[in-house]
Amino acid sequence: MPSPVYVPELSVVIPARGHHLGMNATLDLVRAAWPDIEILVVTDTVVRGPTAADVRRYALAVDSRVRLLDLPCDKATAVRHGLAQATGKVLAYLDADHGWEASPDDLRAMTRRIIAGEADCLVAERAQQGWSRTRKLKTNGFIALTRVLFPRLPVRDTQTPLKVMNRRAADLLLARASWRSWAFDVELLHLLQRFGHRVAAHPVQWAGQGGELPWASAVLIALMAPGMIRGLMATRLRNSVMRSRARHHMTFPGVNGSGGDSSA
């Protein structure tokens, strides 16, 4: 008789660029948040750097529950690949610089709420005390645009780098989401809401400066704003097309969507 397959309570996915420094601090924080855990670090092989080697050393010397998934990918693809490989009952994804800003209490509290059935997906909502004006402009500008295009989303801080969800929610996203742009978080939350999953905010108090200095916020605005805006617009368009098709099939259930004549 085969032995039962081990299923951890929590799987945490961490997308990381190859040149990221300080990964050990994030891994230490995540391990401290929950005892029954697996951690999957997805590194981008296109951008060379010490991250993959640091993760391998950490897994060998500190905790074998840390796994390295090395492939050429952007952040959205990294999160998708990590969630697809994760085996836990509860799944989370967070940024590689999480250890610079957060505390283990945030991930621990959100995991407990998911296990207790309070929500299907929780999104950390950051207080902005201590943030630079540039960082506030970047974050709040995106929030304002998102609220215009997706006014019914139940959370404001869609881009916060910490989200925790149950297995059912993760499976829906793996099956339905396009994972195409820097604005993929908005698509994920919108899909969960559209299919009846409970999405809620979880307030957190993080160190305001974190790993993002004012000049870095300005650079990110210049580099990311056009892509984020295009991503939001594309997500809005895809949603409109899907809703239009759904209404069409409800009105004409015999039509298979191939473009044929719906008349008898």
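Of the residues examined, S64 is one that is among the small types (G, A, S) and free of Cβ contacts under 8 Å to residues at least 60 places away in the same chain. Of the residues T43, T26, the single one that is more than 21 Å from L107 (Cα to Cα) and either touching a Gly at 6+ places or on another chain (Cβ under 9 Å) or at pLDDT 90 or above (or both) is T43. Check Q128, Q159, Q205 and return the single one that is open to solvent by 60 Å² or more (accessible area, probe 1.4 Å), modelled with pLDDT of 80 or more and not basic (K, R). Result of the check over Q128, Q159, Q205: Q205. With respect to the conditions (1) open to solvent by 70 Å² or more (accessible area, probe 1.4 Å); (2) modelled with pLDDT under 90; (3) not charged (D, E, K, R), C73 lacks only one, and its number is (1). Annotation note: of V41, V46, V90, the sole residue that is open to solvent by 50 Å² or more (accessible area, probe 1.4 Å), under 27 Å from A177 (Cβ atoms) and not aromatic (F, W, Y) is V46.
For the stretch 162-177, a residue qualifies if it is open to solvent by 30 Å² or more (accessible area, probe 1.4 Å), over 15 Å from R198 (Cβ atoms) and in contact (Cβ under 8 Å) with a residue 24 or more places away in the chain, and exactly one does: L174. Here A78, A52, A116 are screened, and the one residue that is open to solvent by less than 20 Å² (accessible area, probe 1.4 Å), of a type in the set (A, V, I, L, M), more than 17 Å from L29 (Cβ to Cβ) and more than 18 Å from the chain's Cα centre (by Cα) is A52.
For first residues located in the stretch 107-120 and touching a residue at least 40 places away in the same chain (Cβ under 8 Å), partners that are open to solvent by 40 Å² or more (accessible area, probe 1.4 Å) and lie 6+ apart or on another chain with Cβ distances below 6 Å form the pairs A119/R198; D120/R198. Kindly check whether there is at least one residue in the stretch 55-74 that is charged (D, E, K, R), in contact with a Leu (Cβ under 7 Å, 6 or more places away or on another chain) and within 24 Å of F184 (Cβ to Cβ). Yes, there is a match, as at least one residue in the stretch 55-74 is charged (D, E, K, R), in contact with a Leu (Cβ under 7 Å, 6 or more places away or on another chain) and within 24 Å of F184 (Cβ to Cβ). When both residues are 6+ apart or on different chains and their Cβ atoms are under 6 Å apart, which pairs have a first residue that lies in the stretch 89-103 and is within 8 Å of L10 (Cβ to Cβ) and touching a residue at least 40 places away in the same chain (Cβ under 8 Å), and a second that is hydrophobic (A, V, I, L, M, F, W, C) and in a strand (DSSP E or B)? Close Cβ pairs (under 6 Å, with a partner that is hydrophobic (A, V, I, L, M, F, W, C) and in a strand (DSSP E or B)) amount to V90/L10; L91/M165; A92/V12; A92/V164.
A96 meets each of the listed conditions (1) open to solvent by 20 Å² or more (accessible area, probe 1.4 Å); (2) under 22 Å from D44 (Cβ atoms) apart from (1). Within the set F142, F184, the sole residue that is among the aromatic types (F, W, Y) and at pLDDT below 90 turns out to be F142.
The values are calculated or read from the model by the stated rules, or taken from the named source; none is laboratory data. Model, not experiment: these values are computed from the prediction. Here Cβ is always computed from backbone atoms with ideal geometry, including for glycine, and neighbour counts include all displayed protein chains. Quick note on the areas: whole protein, heavy atoms, side chains included, nothing else; ligands and nucleic acids left out. Shrake-Rupley method; radii C 1.70, N 1.55, O 1.52, S 1.80 Å.
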